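Mind having a look at this structure? Questions to follow.
Values in this text are rule-based calculations from the coordinates and carry no lab data. Values in this document were obtained by computation on a predicted structure and should not be read as measured data. In this analysis, Cβ positions are derived from the backbone assuming ideal geometry, glycine residues included, and neighbour counts consider all displayed protein chains.
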């Protein structure tokens, strides 16, 4: 095999006086005034129902939030419609004791807005005028009682949006509203069984449902509610409102052990919630007291070439691990075996995880290295490599095949069973199957470990292959449909969304966001030329983009100006030619630049002129993959030098 010269570059996105952090989807009103320097207390208002109030557990999550932030050195003033006192909390098990400020706006039994038999948080905010206390931070969690009542979801959405609008209109322009999903519940627990009676029979009462069916209905209602409010929050965030999304179910994940009665958290659950909010607020406050510039004006302080051990002759894949080390697939000098290893970022301490003759299990696109969140497994595409006790301290490894479904393996005209593949935090995988007939089909499935392999369950097709559809066939009027048929690139939002190659306002390839629990689908970039990959940083603020935006001669921008649906009949069929001209040919011989570039996700979504910063190194051409360090301050990508046949280790400073 010919030697391929690759340069694996970590982009150290560090600045002399600040860390690159772009406030999530809101720059213009991005700070609690830094001149406070935390001399004045930071006012926090927690708004919600009994979970905020602390049903059965006084102080709810609020006491842990207050204690954690004050321990970090912040002066905190909890404010609300209900003025409490400084209260003493004592942990009955550990004996730990601390004081907390009990002021809040949490009301047991309340819904979003009032309806028959229920009082509403919206009306309470209006009647008490508590937002006149000018909180710097508002935390909102509301809707559980709406779900308990099986209240109409369209009404829930309308009421929820009205509530958000009221809060945003009545808090200071420098304040921030944090809004979370509502927790999952266990409706068949004895303590709350009767609360969910509306799910246990048909609307006409002629059919009674089993407990299992009732739970399925409750779970579905919760999923729809959380998906809908997520879309509402994200849309307002994209429009520049001072609002941020949170997902409390990322920590409240076990309804059996973390809920007191099937609805309300127990002490352990509230502690998890408090720690969760403390981390989110702490990160936010660190941003606010360190005002940051637009990414449009920055340059990375350094671009460093990773040094490779002397006996490595070819790196074919390199990516950051969950612990910030480098996972790599490689070949050795005078050795045709394939190796997978992990090493420190400076190229030292290379540890072999697996080595031997590689046998492709399917007709697929080579080898990928996708680490699982448990830091014990790596998805290679055809296989999963298991490492015990973990990747960094691996003493024993085993390579187990992944059995793909017949729908992908035997698809007519199949070219690659998988061309791109990613793994989510909850161990779902998504992959793209390429076919000469169906072009690209994206699948989603849950992994199941067996004795000698992994199989896939709950298999779904998540592509939308149609480009347009008739709105009025008689009048020949079309409407746009989201294009979700491009190759999958990355799981984001905790596995609830994907980035993939799709289309924006034209049919030329773009990097696209696709929500898996809702219908949300939009381009991540506004550049009219060809670009198909954006890898978003773990904090969601930056993106590394494979792009032709800094290569005018090969960008195919002109094709991006023809709007859909007309472009369906023209540009969509030319994507492969745009790729060949602007990407494949540049990699082989044509003069050009395919990035990568680093972009500010916020500005990219809202500012059509945002170009980001070109990371391309003259004489080198970008190839996959791209990845982010877990701390979101570094990104790594690979480049090929077409002229040299030697491994080049370089270190550059800016």
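For segment 136-260, what class follows from the C-alpha gyration tensor (a ≥ b ≥ c being the square roots of its eigenvalues): rounded when a/c is under 1.5, otherwise prolate if a/b is larger than b/c, else oblate? Each step should come with its number before you reach the end.
Details: a/c = 2.80, a/b = 1.89, b/c = 1.48.
It comes out prolate by the Cα gyration axes.
Sorting check: for 203-211, 188-196, which peptide has the highest mean count of neighbouring beta carbons within 10 Å, and how do the rest follow? List each step's numbers first, then the result.
Numbers: 203-211: 9.4, 188-196: 15.3.
Averaged packing, sorted descending, gives the order 188-196, 203-211.
Still on this model: Using a basic spin-label model with each label point 7 Å from the Cα along Cα→Cβ, how many nm lie between residue 220 and residue 310?
Using points 7 Å along Cα→Cβ, the separation is 6.6 nm.
What's the FRET efficiency of residue 91 with residue 406 using the Cβ-Cβ distance as r and R₀ = 51 Å, to the nearest 0.05? All intermediate terms of the calculation are to be shown ahead of the outcome.
Working: r = 55 Å, r/R0 = 1.07.
Once rounded, the FRET efficiency stands at 0.40.
Once both labels are modelled 7 Å past Cα along the beta-carbon direction, what's the residue 257-residue 373 spacing in nm?
Distance between the two pseudo-spin positions: 1.5 nm.
What percent does the relative contact order of segment 34-288 come to when contacts are Cα pairs within less than 8 Å and at least six residues apart? Don't skip to the end; give the middle numbers.
Working: 434 pairs, mean separation 52.6, N = 255.
For segment 34-288, the relative contact order is 21 percent.
Along the three principal axes, how long is segment 34-288 when you take its alpha carbons, biggest first, rounded to the nearest angstrom?
For segment 34-288, the Cα extents along the three principal axes come out at 64, 46, 29 Å.
Which value in Å is the Kirkwood Rh of segment 59-187 over different Cα pairs?
Here the Kirkwood hydrodynamic radius works out to 16.2 Å.
Let me ask another. Highest mean first, how do 388-395, 366-373, 93-100, 377-384 rank when packing is the count of other Cβ atoms within 10 Å averaged over residues? Each step should come with its number before you reach the end.
Values: 388-395: 15.0, 366-373: 19.2, 93-100: 11.5, 377-384: 23.4.
Those peptides, ordered most packed to least, come out 377-384, 366-373, 388-395, 93-100.
Can you list the residues of segment 591-609 with backbone N under 20 Å from a point 7 Å past the Cα of residue 239, pointing along Cα to Cβ?
Only 602-608 fall inside the zone, counting backbone N under 20 Å.
OK, next. Taking the highest mean first, how do the peptides 124-131, 325-332 order by number of other beta carbon atoms within 10 angstrom per residue?
Values: 124-131: 15.9, 325-332: 21.4.
Per-residue Cβ counts within 10 Å, averaged per peptide and sorted highest first, yield 325-332, 124-131.
Then there's this: To the nearest 0.05, what FRET efficiency results for residue 363 and residue 461 with a Förster distance of 25 Å applied to their C-beta separation?
Details: r = 19 Å, r/R0 = 0.78.
Efficiency, rounded to the nearest 0.05: 0.80.
Sticking with this structure for a sec: Measuring from label point to label point, each 7 Å out along Cα→Cβ, what is the residue 334 to residue 614 span in nm?
Roughly 4.4 nm, to one decimal.
Quote the FRET efficiency, to the nearest 0.05, computed for residue 396 versus residue 123 with a Förster distance R0 of 56 Å and r equal to the Cβ-Cβ distance.
Values: r = 61 Å, r/R0 = 1.10.
Computed FRET efficiency for residue 396 and residue 123: 0.35.
Could you give the length gained on full extension between residue 169 and residue 588, defined as 0.36 nm per residue of separation minus the Cα-Cα distance, in nm? Before the final figure, lay out each step's value.
Working: separation 419, 0.36 × 419 = 150.84 nm, distance 5.52 nm.
So the chain would gain 145.3 nm between residue 169 and residue 588.
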